[in-house]
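Enquirer: Before I ask anything, here is the structure I am working with.
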Amino acid sequence: MDKVIFRIKKGTPEKWEYRDYEVPVENGTTILDALYYIRDNIDRTLSFRASCRMEVCGSCAVMVNNFPRTACSTQIKTIGKKVITLEPLAGYPWIRDLVVDFDGFFKKHESVKPYLIRKDNPEGQLLQSPEQLAKYKQFTLCIKCGACLAACPVAVSDPFYLGPAALAAAYRFNADSRDQGKNLRLAVVSDAEGCWRCHFSSECSEACPKDIDPAGAIQKLKVQAAGYELKKFLHLGVKE
Amino acid sequence: MEKIEADLLILGAGLAGLRAAISAAETDKNIKIAVISKLFFLRSHSVAAEGGTAAVLYEGDSYDLHAYDTIKGSDYLADQDAVEIFVRTMPKEILDLDHWGCPWSRLPDGRIAQRPFGGHSFPRATYAADRTGFHALHTLYERMLFYENIERYQEYFVTSFIINKEGFSGLTAINMKNGEFVLFRGKALIIATGGLGRLYSFTTYSHTVTGDGAAMALKAGMQLKDMEFIQFHPTGIVPSGILITEGARGEGGYLLNNKNERFMQKYAPQKMELAPRDVVSRSMMWEIQEGRGFTGPWGPYLLLDLRHLGDAKIRERLPAIRDIAIKFNGIDPKDEPLPVRPAAHYTMGGIHADNDTSTPVKGIFTAGEASCISIHGANRLGSNSTAECLVFGDISGRNAALYVKNARMNDIDMEKVKAEENRIYVEAFKKRGDETVPLLRRELNNTMQEKVGIFRNEKDLLDALKIVKSLQERFRNVYVEDRVMEYNTNLFTYLELDNLLEVAEVVILGAIARKESRGAHYRTDYPKRDDVNWMKHTIAQKVNGEIQLSYIPVRVTKWKPEERKY
């Protein structure tokens, strides 16, 4: 069995250090397994978030050698390093150890009105063809792990930028054939801290553990937002 | 100490809790609703539900058929009037989710798609690929953002229920971010805290499912029902235990032994791999016991073969399963079968409640897996749990909202609050001995897994009881070593272990007393169902520090008990 040193940023913003922990690793051992190993066997004061351990709850994203990853679905052997540094997600207020404050992340998500908006009160099924579903489906897979924001050069330096997760959520509903609230969302995302802040560096799509392409969603959102802005400028009535 | 007040407190933010919040907000715009969870709401274990949500939607299916399947699946321990409410309410819940944006999988004509599931005689598992719970939870969360009278308290760890003579009065909690003590006051409470699967070592459950609601209810003198019935899902992937949905068999997957036989032929010739979970899990264990399993470094296993479905169907219908197999096991299911073994998956029992979700304590309601209404009886059918969360979440939210309209805020017994504050902030941190949380938890998990699992007998159960009692004693020598109050996981795991030890005893006592085999409770020393003596619900309650068992009858409407063959 191989051994790997985990160098973990441990402490609170007032007082912290990097601490080394040696963990036995075999094929299949994940970063999250290593964190539990450390907490159960070496240091019971190590604090991290985790729940489902199957890459669906979004709790456990951390910086692994300076790149954001969900701990539960990252195989240690695939990293191929003898020393692995773990730090809290970049770009978020730090609480302690590997735990960051997610309140801002969820507020940004909420601000884009990420829910289906209907003007009517539908009764039966809202029919949607498999093709219509396919138009937005990948963007429903977001587990809100926050990795994209930690990878985004804009979001890390500008705390007000809505960021890839929230913008992709806006696009997800705008692209849903059942939705009738597109302009309400465009009013939010075409703001100065919205989709125009994106430089299309695509780091977010690279970091996404679910293989979603938020960068692509943001570009499509820019097209929608441009149309919206133009209509607004021409007073063509975009109230909704 | 921070004090927070709302008319209605909802504890737990999985499918049941969020559905309850929406329902309460729609029932009354003028009440203040507080949803409280130790997790960010989207981290709730409901996200792990995969295969589908049962509902009667189309021609050829009927309420009676869904009810009959459910009752037969329950091994005739379900309350039949509750099941009837359940099946009749369910279709509306599917439509609500549709109207709120759930990305249901679709038929070519645009209608919502359904698939076959274990124990159901019609393909009524309504699905969103194989991430149904995930999508349903996200849809409810998104919809919840719509309502201005729902306040969100995420990462608040609730530690006790405060009840006085008039009924519910409040909750004590820890604000996990800063470690501060919080008192929640409310006129009513809905408990929607989920199950207790982390009692076991091989389990599909999230790390955070630790029986908190049931344990706090028990400590507060409330009644738990049918706690001995723990469901083992046939296909937890080895070694992690991650769930491989029954939908994989619903789409046509085979279970194979080491002779390459579809062994379910022997045990359930008609339903084969789609027999109910208790039947399939037992069959798998018999195969393993009789030497027809595979052996590996992580214990015995059997195979789930999806190769014949082909890559395209696997990618379309079972993308999450494919992803899990590749990411966690390095296996592409189109090329290789998956190693599986039954894993602890669901808690049929829970907090005793009536069909309207009210409990015997005035002002306390309960819904979802934390509750026991009971629609699942001794064995739950797949795709009935997410459904239950929706139906009874909805009912609990509405009834609790109506209740608080005419209720008053009860006085808080500050003595109890002080005692709880002392337990957490003084007692838990007092250095005592060498026992630690992980050590005791591991012993508890192994005991439950080995002695209170799929096959049970009196000797093992009595052993388990002795061990759990001694672990409860040893727990007094555990203390919280971490002195930093921000996000102190050492403290939270300490409190969770306390909860697990509390409920473990109830599970074991119920299992010792029930001298028959019914649904998921299989006694090798009493292998037959005994309707004369045991067609009744177990009620457990703590009286003067001791757990006492009593029994109440099952409500039968029109389905008489019959032999369960599949």
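The values are calculated or read from the model by the stated rules, or taken from the named source; none is laboratory data. Note that this is a predicted model, so its numbers are computed, not measured. Backbone-built Cβ (ideal geometry, glycine too); neighbour counts: all protein chains shown. Note: accessible area is taken over every heavy atom of the protein model, side chains too, but ligands, DNA and RNA are not part of it. Shrake-Rupley method; radii C 1.70, N 1.55, O 1.52, S 1.80 Å.
Enquirer: Looking at residue A:184 and the list (1) within 13 Å of chain B (Cβ to nearest Cβ); (2) among the aliphatic types (A, V, I, L, M); (3) not in a helix (DSSP H, G or I), which single condition is not satisfied?
Expert: Evaluating residue A:184 over (1) within 13 Å of chain B (Cβ to nearest Cβ); (2) among the aliphatic types (A, V, I, L, M); (3) not in a helix (DSSP H, G or I) leaves (3) as the failure.
Enquirer: Does region B:453-467 include one or more residues that are closer than 29 Å to residue A:59 by Cα and either surrounded by fewer than 22 Cβ atoms within 10 Å (Cβ to Cβ) or out of contact with any Leu (no Cβ under 7 Å at 6 or more places or on another chain) (or both)?
Expert: no
Enquirer: Give the residues of region B:370-386 that are touching a Phe, Trp or Tyr at 6+ places or on another chain (Cβ under 7 Å) and in a helix (DSSP H, G or I), sorted by residue number.
Expert: B:385
Enquirer: For the subset of region A:82-94 comprising residues that are open to solvent by 10 Å² or more (accessible area, probe 1.4 Å) and either among the aliphatic types (A, V, I, L, M) or more than 15 Å from residue A:8 (Cα to Cα) (or both), which member is farthest from the other protein chains (Cβ to nearest Cβ)?
Expert: A:83
Enquirer: All but one of (1) of a type in the set (Phe, Trp, Tyr); (2) assigned to a helix (DSSP H, G or I); (3) open to solvent by 10 Å² or more (accessible area, probe 1.4 Å) hold for residue B:365; which doesn't?
Expert: With respect to (1) of a type in the set (Phe, Trp, Tyr); (2) assigned to a helix (DSSP H, G or I); (3) open to solvent by 10 Å² or more (accessible area, probe 1.4 Å), residue B:365 is out only on (2).
Every residue, every condition in (1) part of a helix (DSSP H, G or I); (2) touching a Gly at 6+ places or on another chain (Cβ under 8 Å); (3) over 21 Å from residue B:232 (Cα atoms), yes or no:
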{"position": "B:460", "(1), (2), (3)": "yes, no, no"}
{"position": "B:469", "(1), (2), (3)": "yes, no, yes"}
{"position": "B:483", "(1), (2), (3)": "no, no, yes"}
{"position": "B:491", "(1), (2), (3)": "yes, yes, yes"}
{"position": "B:494", "(1), (2), (3)": "yes, no, yes"}
{"position": "B:512", "(1), (2), (3)": "yes, no, no"}
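Enquirer: Would you pick out the residues in region A:96-116 that are open to solvent by 20 Å² or more (accessible area, probe 1.4 Å) and either at the interface with chain B (Cβ under 10 Å from one of its Cβ atoms) or over 23 Å from residue A:70 (Cα atoms) (or both)?
Expert: A:101, A:103, A:110, A:111, A:113, A:115
Enquirer: Tell me the strands (runs of 3 or more DSSP E) entirely within region B:1-60 that contain at least 2 residues that are surrounded by fewer than 24 Cβ atoms within 10 Å (Cβ to Cβ).
Expert: It comes to B:2-5.
Enquirer: Give B:87, B:35, B:83 a once-over and let me know the one that is out of contact with any strand residue (DSSP E or B) (no Cβ under 9 Å at 6 or more places or on another chain) and of a type in the set (Val, Ile, Thr).
Expert: B:83
Conditions tested, residue by residue: (1) of a type outside the set (S, T, N, Q); (2) open to solvent by 40 Å² or more (accessible area, probe 1.4 Å).
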residue	(1), (2)
B:274	yes, no
B:283	no, no
B:288	yes, no
B:293	yes, no
B:297	yes, yes
B:302	yes, no
B:307	yes, yes
B:312	yes, yes
B:315	yes, yes
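Enquirer: Residue B:54: within 14 Å of another protein chain (Cβ to nearest Cβ), under 19 Å from the mean Cα position of the chain (by Cα) and not basic (Lys, Arg), yes or no?
Expert: no
Enquirer: For region A:117-159, what are the residues that are in a loop (DSSP other than H, G, I, E, B), over 19 Å from residue A:207 (Cα atoms) and among the aliphatic types (A, V, I, L, M)?
Expert: Passing the criteria: A:117, A:126, A:127.
Enquirer: Out of all the residues in region B:112-127, is one or more over 29 Å from residue B:279 (Cβ atoms) and open to solvent by 10 Å² or more (accessible area, probe 1.4 Å)? Reasoning before the result, please.
Expert: Just the residues of region B:112-127 that are over 29 Å from residue B:279 (Cβ atoms), to begin with: none.
Scanning region B:112-127, I find no residue that is over 29 Å from residue B:279 (Cβ atoms) and open to solvent by 10 Å² or more (accessible area, probe 1.4 Å), so the answer is no.
Enquirer: Any residue at all in region B:86-95 that is surrounded by fewer than 22 Cβ atoms within 10 Å (Cβ to Cβ), aliphatic (A, V, I, L, M) and modelled with pLDDT of 95 or more?
Expert: Yes, that holds for at least one residue.
Enquirer: Being farther than 30 Å from residue B:483 by Cβ, open to solvent by less than 10 Å² (accessible area, probe 1.4 Å) and more than 11 Å from chain B (Cβ to nearest Cβ) is true for just one of A:151, A:170. Which residue is that? Break it down stepwise before answering.
Expert: Details: A:151 fails: open to solvent by less than 10 Å² (accessible area, probe 1.4 Å).
It is A:170.
Enquirer: Would you call residue B:480 away from every other protein chain (no Cβ under 14 Å) and either open to solvent by less than 20 Å² (accessible area, probe 1.4 Å) or over 29 Å from residue B:11 (Cα atoms) (or both)?
Expert: no
Enquirer: Quick one: which residue in B:479, B:522, B:494, B:551 is of a type in the set (Ser, Thr, Tyr), touching a residue at least 40 places away in the same chain (Cβ under 8 Å) and within 22 Å of residue B:217 (Cβ to Cβ)?
Expert: B:494
Enquirer: Kindly establish whether residue A:178 is open to solvent by 50 Å² or more (accessible area, probe 1.4 Å), farther than 26 Å from residue A:63 by Cβ, of a type in the set (Lys, Arg) and in contact (Cβ under 8 Å) with a residue 60 or more places away in the chain.
Expert: Taking the combined requirement at face value, the residue does not satisfy it.
Enquirer: Within region B:27-41, identify whether any single residue is without any contact (Cβ under 8 Å) to a residue 24 or more places away in the chain and either farther than 23 Å from residue B:106 by Cβ or not β-branched (Val, Ile, Thr) (or both), and answer yes or no.
Expert: no
Enquirer: For region B:126-203, please list each of the strands (runs of 3 or more DSSP E) lying entirely inside it that holds at least 1 residues being within 12 Å of another protein chain (Cβ to nearest Cβ) and not acidic (Asp, Glu).
Expert: So the answer is B:150-154, B:167-175.
Enquirer: Restricted to region A:22-63, and to residues that are open to solvent by 20 Å² or more (accessible area, probe 1.4 Å) and aromatic (Phe, Trp, Tyr), which residue is nearest to the other protein chains (Cβ to nearest Cβ)?
Expert: The qualifying residue nearest to the other protein chains (Cβ to nearest Cβ) is A:36.
Enquirer: Take region A:184-237 and flag every residue that is aliphatic (A, V, I, L, M), farther than 19 Å from residue A:108 by Cα and open to solvent by 60 Å² or more (accessible area, probe 1.4 Å).
Expert: The answer is A:223, A:230, A:234, A:236.
Residues checked against (1) modelled with pLDDT of 95 or more; (2) of a type in the set (D, E, K, R); (3) farther than 22 Å from residue B:205 by Cβ:
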| residue | (1), (2), (3) |
| --- | --- |
| B:248 | yes, no, no |
| B:254 | yes, no, yes |
| B:262 | yes, yes, yes |
| B:269 | yes, no, yes |
| B:293 | yes, no, yes |
| B:302 | yes, no, no |
| B:306 | yes, no, yes |
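Enquirer: Within region B:319-342, how many residues turn out to be more than 8 Å from every other protein chain (Cβ to nearest Cβ), among the charged types (D, E, K, R) and part of a helix (DSSP H, G or I)? Walk me through how you get there before you give the answer.
Expert: Here is the first cut: in region B:319-342, the residues more than 8 Å from every other protein chain (Cβ to nearest Cβ) are B:319, B:321-322, B:325-326, B:331-342.
Going one step further and asking which of them are among the charged types (D, E, K, R), we end up with B:322, B:332, B:334-336, B:341.
From what's left, part of a helix (DSSP H, G or I): B:322.
Count: 1.
Enquirer: Let me ask you something else. Within region B:61-84, identify whether any single residue is surrounded by fewer than 22 Cβ atoms within 10 Å (Cβ to Cβ) and either at the interface with chain A (Cβ under 10 Å from one of its Cβ atoms) or part of a loop (DSSP other than H, G, I, E, B) (or both), and answer yes or no.
Expert: The answer is yes, given that some residue of region B:61-84 is surrounded by fewer than 22 Cβ atoms within 10 Å (Cβ to Cβ) and either at the interface with chain A (Cβ under 10 Å from one of its Cβ atoms) or part of a loop (DSSP other than H, G, I, E, B) (or both).
Enquirer: Here is a further query. Condition first: touching a residue at least 24 places away in the same chain (Cβ under 8 Å), more than 7 Å from chain A (Cβ to nearest Cβ) and open to solvent by 10 Å² or more (accessible area, probe 1.4 Å). Now tell me which residues in region B:97-110 satisfy that.
Expert: Once the filter is applied, which keeps residues that are touching a residue at least 24 places away in the same chain (Cβ under 8 Å), more than 7 Å from chain A (Cβ to nearest Cβ) and open to solvent by 10 Å² or more (accessible area, probe 1.4 Å), region B:97-110 yields only B:105.
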